[in-house]
Amino acid sequence: MMTKAVEHRIEDFTIKEEPFYMPLGDEITIFKQAYQSKLPVMLKGPTGCGKTRFLEHMAFRLQRPLITIACHEDLTTSDLVGRYLLKGTETVWNDGPLTTAVKTGAICYLDEVVEARKDTTVVIHPLTDNRRVLPIEKKGEILTAPDDFMLVVSYNPGYQTFLKDLKQSTKQRFIAMDFDYPTADLEKQVVVKESGVSEEIAEKLIELAHKIRNLKNRGLEEGVSTRLLIYAGQLISERIDLMNAVRVAMIKPITDDEAMQISLEEIAVSIFS
């Protein structure tokens, strides 16, 4: 059974309003130069530290459509490049998101690229060197990327393993930009802006987050992301009980261990009491 083609307009991928983003350093300048120099970019950093928001902000600044692909272990080359699908009574070619990005000069973003199969990511290699081409083997075509096309991937080094890591032949095709959680002052401004909580509550949320982050690799695989801080702040702004908001947004998402959850709740109580 064949799947029906889904048609998208490039306007569907255009960011209409400027996403809020606070620079941590010179990442905006470096990214703009990479775009002008037609260099592919790898964004490295922990989950929820602002990599995707940064890219959305830059796509808006550069006035380029942003086509995002959430990578996973079942992602195939056809999912990226395209396939023949049923349209009415005919079988027609349907471009994949990578092909669409190349044709339209968009920014193509492979989110958490390490989750994709290694035989799938090989297809991006010709786009990351001086050739800047995309072979479409099923059609016998080779697309040349326009100057305004850009390839960006994100990567969380904290999750890398022998089985789930990028090949060196892939890593060394990108310039790499490191991201981390903001400083306490910047993170406070982000949480206040994005969630609407007071500065006092934001400061306590961040104090808790820092204590939890210090437990990474000491009972926790990952710390609390800035994204989760914003979620907690949003719940508190909507008059959800503070401790309940902290529990469901900052504690339960990062661990299933009941003893660890109890310990983290005790830390939260000591901070907010």
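Just to check your reading of the model, which residue among THR170, THR161 is at pLDDT below 95 and farther than 18 Å from PRO46 by Cα?
From the options THR170, THR161, the qualifying one is THR170.
Test PRO157 against the stated conditions and say whether it is under 30 Å from ASP74 (Cβ atoms) and more than 23 Å from the chain's Cα centre (by Cα).
Taking the combined requirement at face value, the residue does not satisfy it.
Have a look at PHE13, PHE54 and point out the one that is out of contact with any strand residue (DSSP E or B) (no Cβ under 6 Å at 6 or more places or on another chain) and of a type in the set (A, V, I, L, M, F, W, C).
Residue meeting the stated conditions: PHE54.
Is one or more of the residues making up segment 23-41 under 27 Å from ILE142 (Cβ atoms) and of a type in the set (Asp, Glu)?
No, because not a single residue in segment 23-41 is under 27 Å from ILE142 (Cβ atoms) and of a type in the set (Asp, Glu).
For LEU55, indicate whether it is within 17 Å of the chain's Cα centre (by Cα), buried (at least 16 other Cβ atoms within 10 Å of the Cβ) and not β-branched (Val, Ile, Thr).
Here the answer is yes, as LEU55 does meet what is asked.
How many residues are under 20 Å from GLY50 (Cα atoms) and either in contact with a His (Cβ under 6 Å, 6 or more places away or on another chain) or part of a helix (DSSP H, G or I) (or both) when one looks only at segment 247-273?
Summing the residues that are under 20 Å from GLY50 (Cα atoms) and either in contact with a His (Cβ under 6 Å, 6 or more places away or on another chain) or part of a helix (DSSP H, G or I) (or both) in segment 247-273 gives 3.
Please go through segment 75-118 and pick out each residue that is of a type outside the set (Gly, Ala, Ser), closer than 27 Å to PRO46 by Cβ and part of a helix (DSSP H, G or I).
Correct list: ASP79, LEU80, PRO97, LEU98, VAL113, VAL114, GLU115, LYS118.
Kindly indicate whether LEU215 is surrounded by 16 or more Cβ atoms within 10 Å (Cβ to Cβ) and modelled with pLDDT of 95 or more.
Against the criterion (surrounded by 16 or more Cβ atoms within 10 Å (Cβ to Cβ) and modelled with pLDDT of 95 or more), LEU215 does not qualify.
The values are calculated or read from the model by the stated rules, or taken from the named source; none is laboratory data. As the structure is a computational prediction, the values presented were derived from the model and not from experiment. Cβ coordinates were reconstructed from backbone atoms using ideal geometry, including for glycine residues, and neighbour counts include every protein chain displayed.
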